[in-house]
Amino acid sequence: MDHTMLKCGLAIFALPLVSFVVLGLFNKRLPRRGDFIATSVMGLALGLSLYVFWRAWSDPRPVFVNLSFAWLPMEVNKAVLGGILIDRLTAVMLVVVTLVSFLVHLFSTKYMEGDVRYGRYFAGLLLFTVSMLGLVLANNLLYLYMFWELVGLTSYILIGHWFEKKSASDAAIKAFITTRLGDVGMFIGIMVCYLQVGSLQYGDLFAAVEQGGLSGAWRTIAGLGLFFGAMGKSAQFPLHVWLPDAMEGPTPVSALIHAATMVAAGVYLTGRLLPVFDPPTLLFIAYIGGFTALFAATIALVQDDIKKVLAYSTVSQLGYMILALGVGGYVSGLFHLTTHAFFKAGLFLGAGAVIHAMHHEQSMSKYGGLRRKMPITTVCYLLATLALAGFPGFSGFWSKDAILADVLAFAMLNGHWFLVVAGFSTVFLTAFYMFRQFFLTFTGKPRDHHAYDHAHESPLPMLIPLIVLGTLAVVGGGMGGWFGAMNPAKSGVEQVRGLREAGFTTPLMDSVVQQSHDAETPHAASSEAHGDPLGDAHAGEHSPEAEARHKAHYMAMGLSTCLALAGILLGAAFYLQRKDGKTLLDPGRVAQRCSLAHRILWNKYYLDEAYMACFVMTTRALAVISATFDRLIIDGIVNLAGWCGWAWSYLTEIFDRIVVDGWFVNGSAQTTAYMGRQVNQSQTGYVRQYLMLTVLGLLIISSVCAYAFYGYWQP
Amino acid sequence: MNTTLLTSAGFSSTQPVGLLWYLTAAAILFALGLTACMARRNAIGILIGLELILNAAILNFMAFWRFGQSATNDTSMAGPMMGIFIIVLAACEAAVALAILLNLYFNFGSVEVDKANRMRL
């Protein structure tokens, strides 16, 4: 185990936690509400993360730290373990989270200036960052779940930051409840894992899958349950509805939580637990991802709100990542997660800068010509847009290309061409809507002159994040080599071996590694036995999978480049104004021509309305029925019981009055008094009479005694 | 009453006066005293009745001493001593009773015991 890395990991986690406590308690007493503390602590955490990343870069081991400790002792020799895990995936996630978080903190110091709850906002950001770091540092499902819920909570808090606005508080509730829905599935998955494996350690789960401890229907249920959680958090169809509404939160929050990190948690979970999912589940995952990518991209085509476009774009790109993981593209999926985090955060922060400059106007139909007012923002936004559109050479190009190659290779071997069609058409749509947005916002003539005249370039704390993220959008593709090298999804056994060497082991993990060591070709055999496409994908250099991948690679690259360029050109044709203010094609006319399609897309396929009708109305109707039932039946029974009690007490009262009081209490007293009255007649007070009676009694007694002793009356 | 029965009981004109004569006299005396106690309303009458009862007792003691001594060959003076005791006792009793009587008179204005038929005023 790498002790330096362990210390760094703990420090990265603890620093924001401590400053969260400080800010949460004392922000009102600190100058500037303590924002400089939050920002500088995140900068420190970023430095540590980069150090961890650098060490991991130059280290051939797959896992560096895997430390467990008894967290919740339960039975003899049995405890729920908590623990920390640092491998290559964690290292890169740490960098992503701390970098974006640091930049967002920096950006917020200007963007949120003068906000009523400035200190609370920064405390929320810090708590979110802590939770997200805990989520990626966990080495077991329990800790992951805890932090998973915490990021959900902080997301709720930050979406509802301006809770005076009804739409914001509604959106917060919607986000919380929708993701909770997915979390219920995730909890079921965790419970199935615990019941089947007896442990929630990643290592134990992988070992159990290899050994058959978690197999068959249980493995499917566990996989589907866990993926359901990922669907909620990563806004996959049909649980994606909360993400566009979440744009009610402050824009930097959208950049941090709803573009770069929290929504990527679902992808992270799916990638981390990839060996746990069985082939049918993986296929399900791929279809969900592919469909979501295409579905969300079509909605993004017609949206007018600058943040809504980005939100649907995020849903679409998350669909890409899920699709990649579903077809076994561990490397490409997580690679895209990283590049996407950078350029999408850049886009959101750019949008934030624009919104800030335009006095909180979010409608793109009010924008236009901003490049003359905000040149640096425009350049950074353009770089990020090119990266998202998949322009050759930019970071998004490499990661998206890797995904498409994986999908194409998968389809060549296994069919399922829908995934390919969805993937490639999304490339085209993405390029189109992103350039529509870019042209509408930054080029042409200003549509709202009043706002345009007041627009200005952002101050430096807002520009630095944009420049950093814009640069990363260009060069982020260079990290492809890093992801190619980490590749720990080869098989469960490889993972278990890596985790075991990093310090922590259990008997189950030992036995699996021992078994695979005994077998001649352990891992090819095991993956073939399970029919695992994932194992096949990396079985060897000359497997059909590798050949397909090789062939698919150039095909995918060429095709996606052509489609991206076509999308960009089409976007330019529709929205890039010439000198006379006209565009080559008129989008209004096309919208009129296809009014039905436009209306459906504009209303997001009426999904919110459908949910309203299906779930909300059903729930309300159920509530009304239950209320009526309560009022009539339950309350009736309650009242009847009350009436019965009353009647019973009435009867008892009568009994008490007549029998107890009348007969027993007063009756006995009266009898005694009567007898006393009768007896005291003899007490006349005449001494002579008493004497007479005494003599009389004496005579009687002596007569009786005489009779008794002698039997006769004679003397 | 038949002479034989009286004679067999100890009463005889030919015999000297025996024990039974004394006992009978004492019994009559006792009965008279008791009757006085029961019948008289006047407290002084009752007191006189009580004296009669005590005298009857003395007479009994003396008679049993006089006639019992020859039979048991007893030479003690128990009978007269008891008589003297009872006379002393009667004197004390008379003193106390007369004190009560005086109080009775002060409180009720008369010495009729029937008027004092309550334990309080």
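The values are calculated or read from the model by the stated rules, or taken from the named source; none is laboratory data. All values derive from a computational prediction rather than experimental measurement. Backbone-built Cβ (ideal geometry, glycine too); neighbour counts: all protein chains shown. Heavy atoms of the whole protein, side chains included, go into the accessibility calculation; ligands, DNA and RNA do not. Shrake-Rupley method; radii C 1.70, N 1.55, O 1.52, S 1.80 Å.
Exactly one residue out of A:397, A:438 is aromatic (Phe, Trp, Tyr), under 30 Å from residue A:372 (Cα atoms), buried (at least 24 other Cβ atoms within 10 Å of the Cβ) and at pLDDT 85 or above: that is A:438. Being within 12 Å of chain A (Cβ to nearest Cβ), within 12 Å of the chain's Cα centre (by Cα) and open to solvent by 70 Å² or more (accessible area, probe 1.4 Å) is a property that does not hold for residue B:61. Checked against the criterion of being within 14 Å of another protein chain (Cβ to nearest Cβ), part of a helix (DSSP H, G or I) and open to solvent by 90 Å² or more (accessible area, probe 1.4 Å), the candidates B:32, B:102 yield just one match: B:32.
For every residue, the table says whether it meets (1) more than 14 Å from chain A (Cβ to nearest Cβ); (2) in contact with a helix residue (DSSP H, G or I) (Cβ under 8 Å, 6 or more places away or on another chain); (3) surrounded by 15 or more Cβ atoms within 10 Å (Cβ to Cβ).
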| site | (1), (2), (3) |
| --- | --- |
| B:27 | no, yes, no |
| B:66 | yes, yes, no |
| B:86 | yes, yes, yes |
| B:90 | yes, yes, yes |
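Just for the stretch A:619-635: of the residues that are under 28 Å from the mean Cα position of the chain (by Cα) and open to solvent by 80 Å² or more (accessible area, probe 1.4 Å), which one is farthest from residue A:607 (Cα to Cα)? Result: A:622. Scanning the stretch A:338-368 for residues that are farther than 15 Å from residue A:309 by Cβ and surrounded by fewer than 18 Cβ atoms within 10 Å (Cβ to Cβ) gives A:359, A:360.
For the stretch A:232-252, state whether one or more residues are open to solvent by 10 Å² or more (accessible area, probe 1.4 Å), in a helix (DSSP H, G or I) and either among the hydroxyl-bearing types (Ser, Thr, Tyr) or more than 27 Å from residue A:126 (Cβ to Cβ) (or both). No: the stretch A:232-252 contains no residue that is open to solvent by 10 Å² or more (accessible area, probe 1.4 Å), in a helix (DSSP H, G or I) and either among the hydroxyl-bearing types (Ser, Thr, Tyr) or more than 27 Å from residue A:126 (Cβ to Cβ) (or both). Going through (1) more than 14 Å from chain A (Cβ to nearest Cβ); (2) within 30 Å of residue A:696 (Cβ to Cβ); (3) in contact with a helix residue (DSSP H, G or I) (Cβ under 8 Å, 6 or more places away or on another chain); (4) open to solvent by 60 Å² or more (accessible area, probe 1.4 Å) one by one, residue B:39 falls short only on (1).
The single condition among (1) away from chain B (no Cβ under 14 Å); (2) surrounded by 11 or more Cβ atoms within 10 Å (Cβ to Cβ); (3) on the phi > 0 side of the Ramachandran plot that residue A:685 does not meet is (1). Can you tell me which residues in the stretch A:1-40 are closer than 22 Å to residue A:62 by Cα, assigned to a helix (DSSP H, G or I) and open to solvent by less than 70 Å² (accessible area, probe 1.4 Å)? Once the filter is applied, which keeps residues that are closer than 22 Å to residue A:62 by Cα, assigned to a helix (DSSP H, G or I) and open to solvent by less than 70 Å² (accessible area, probe 1.4 Å), the stretch A:1-40 yields A:4, A:5, A:6, A:8, A:9, A:11, A:12, A:13.
Please determine whether any residue of the stretch A:705-713 is within 14 Å of chain B (Cβ to nearest Cβ), part of a helix (DSSP H, G or I) and either hydroxyl-bearing (Ser, Thr, Tyr) or under 30 Å from residue B:111 (Cα atoms) (or both). The answer is no; no qualifying residue exists. For the stretch A:211-224, which residues satisfy the criterion of being open to solvent by less than 10 Å² (accessible area, probe 1.4 Å) and over 13 Å from residue A:274 (Cα atoms)? Residue satisfying the conditions is A:214 alone. Every condition in (1) of a type outside the set (Val, Ile, Thr); (2) out of contact with any strand residue (DSSP E or B) (no Cβ under 7 Å at 6 or more places or on another chain); (3) open to solvent by 10 Å² or more (accessible area, probe 1.4 Å) is met by residue A:147 except one, and the failing one is (2). So which of A:597, A:566 is part of a helix (DSSP H, G or I), open to solvent by less than 60 Å² (accessible area, probe 1.4 Å) and either within 30 Å of residue A:402 (Cβ to Cβ) or modelled with pLDDT of 80 or more (or both)? Only one candidate qualifies: A:566.
Collect the residues in the stretch B:1-22 that are within 12 Å of chain A (Cβ to nearest Cβ) and at pLDDT 75 or above, keeping them in residue-number order. Selection gives B:20 alone. Within the option set A:601, A:570, being aliphatic (A, V, I, L, M), touching a residue at least 60 places away in the same chain (Cβ under 8 Å) and in contact with a Leu (Cβ under 7 Å, 6 or more places away or on another chain) holds for one residue only, A:601.
A residue that is surrounded by 10 or more Cβ atoms within 10 Å (Cβ to Cβ), farther than 26 Å from residue B:36 by Cβ and out of contact with any Pro (no Cβ under 9 Å at 6 or more places or on another chain) can be found somewhere in the stretch A:688-704. For the stretch A:169-199, the tally of residues that are crowded, with 23+ Cβ neighbours inside 10 Å and part of a loop (DSSP other than H, G, I, E, B) stands at 1. Being at pLDDT 75 or above, of a type in the set (A, V, I, L, M, F, W, C), more than 33 Å from the chain's Cα centre (by Cα) and surrounded by 17 or more Cβ atoms within 10 Å (Cβ to Cβ) is a property that does not hold for residue A:585. Exactly one residue out of A:548, A:556 is within 35 Å of the chain's Cα centre (by Cα), surrounded by 13 or more Cβ atoms within 10 Å (Cβ to Cβ) and touching a residue at least 12 places away in the same chain (Cβ under 8 Å): that is A:556. Screening residue A:696 on (1) in a helix (DSSP H, G or I); (2) more than 11 Å from chain B (Cβ to nearest Cβ) shows it passes everything except condition (2).
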